[in-house]
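Visitor: The structure's right below; bear with me while I get my questions together.
The values are calculated or read from the model by the stated rules, or taken from the named source; none is laboratory data. Computed from a predicted structure; not experimentally measured. Every residue, glycine among them, receives a Cβ derived from its backbone with ideal geometry; neighbour counts consider all protein chains shown. Calculation scope for accessible area: heavy atoms of the full protein, side chains included, ligands and nucleic acids excluded. Shrake-Rupley method; radii C 1.70, N 1.55, O 1.52, S 1.80 Å.
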Amino acid sequence: MSTTNQQILHYGRNLLQCRGYNGFSYRDISQKLGIKNAAVHHYYPQKEDLVATIFEGIRQQFAEDTARMSGSGCSAREQLQYFFDFMLKEFDEGRNICPIGSLIVDFEELPDKVKEQHLLLMDDVLAWFSEVLKTGLENGEFKFSDPVDTRAEAILETLLGARQLASIKGRGTLERSISLIRSDLGWKDRPSGKRTY
């Protein structure tokens, strides 16, 4: 992948997670890179092509990261904490909205190929949450009584809302929501030390 293409994807994702689908244009990207709009269109003829590719990349990275954690023997708590830490890191880097949340407002108006990638990412995240929660229950790391799939959806819903509100009220909102999720899972102690995956 060329450097220009990587930069287009990078700035496209940043703008998407700060402004939403309809909140940026190719002009915003070309100005940041000091290139003409036509150069962006060369790689991605339509905006839907760019955003679908961004989501494909996010899904691929998510699959690689979660597989690496699972393969390295991380506990369910460590895996879930990795996700929380990742959300906080993205927020600190100025990406105020998570990828899934970035398309919700405009969802009904989105091109089909973008909707498809958005829903696939959401399914990937929910499936991973469910698997981690199931493992955590079986190993005694978590304690909750509702079905695993229901709890996975509740966690995602909480994080989506917290990420949106944190863009107005600050990082503490996201931190408190994460703390509540942990508490609701019967998880009172934070894993000691940091693990490299």
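Visitor: Skip the ligands, DNA and RNA, and give the accessible area per residue of region 52-118 with a 1.4 Å probe, whole Å².
Guide: Working: 3070 Å² over 67 residues.
The answer is 46 Å² per residue.
Visitor: Excluding same-chain pairs closer than 8 in sequence, count the lysine pairs in the chain whose Cα atoms lie under 30 Å apart.
Guide: For the chain, the number of qualifying lysine pairs is 27.
Visitor: Okay, moving on. Note down the magnitude of the dipole of region 47-184 about its Cα centre, charges +1 on Lys and Arg C-beta and -1 on Asp and Glu C-beta and zero elsewhere, to the nearest 20 debye.
Guide: Its charge dipole is roughly 560 debye.
Visitor: Would you mind calculating the gained length between Val105 and Arg176 on full extension (0.36 nm times residue separation, minus the Cα-Cα distance), in nm to one decimal?
Guide: Working: separation 71, 0.36 × 71 = 25.56 nm, distance 2.42 nm.
So the chain would gain 23.1 nm between Val105 and Arg176.
Visitor: How large is the Kirkwood hydrodynamic radius of region 1-63, counting all unique pairs of alpha carbons, in Å?
Guide: Working: mean 1/r = 0.0856 Å⁻¹.
Across region 1-63, the inverse of the average 1/r is 11.7 Å.
Visitor: Have a look at Cys98, Gly71, Phe84 and report the one farthest towards the positive end of the charge dipole of region 64-106, computed about the Cα centre with Cβ charges (Lys/Arg +1, Asp/Glu -1).
Guide: Gly71
Visitor: Here's something else I'd like to know. With a 1.4 Å probe and every protein chain kept in, tell me what percent of the accessible surface of region 47-184 is carbon plus sulfur.
Guide: 51 percent
Visitor: Can you match Rg and Dmax of the Cα atoms in Å to one of these, (1) 16.7, 52; (2) 17.9, 56; (3) 16.4, 55, based on a calculation from the structure here?
Guide: (2)
Visitor: With r defined as the distance between the Cβ atoms of Gln46 and Phe86 and R0 fixed at 30 Å, what FRET efficiency is calculated, to the nearest 0.05?
Guide: Numbers: r = 29 Å, r/R0 = 0.98.
Computed FRET efficiency for Gln46 and Phe86: 0.55.
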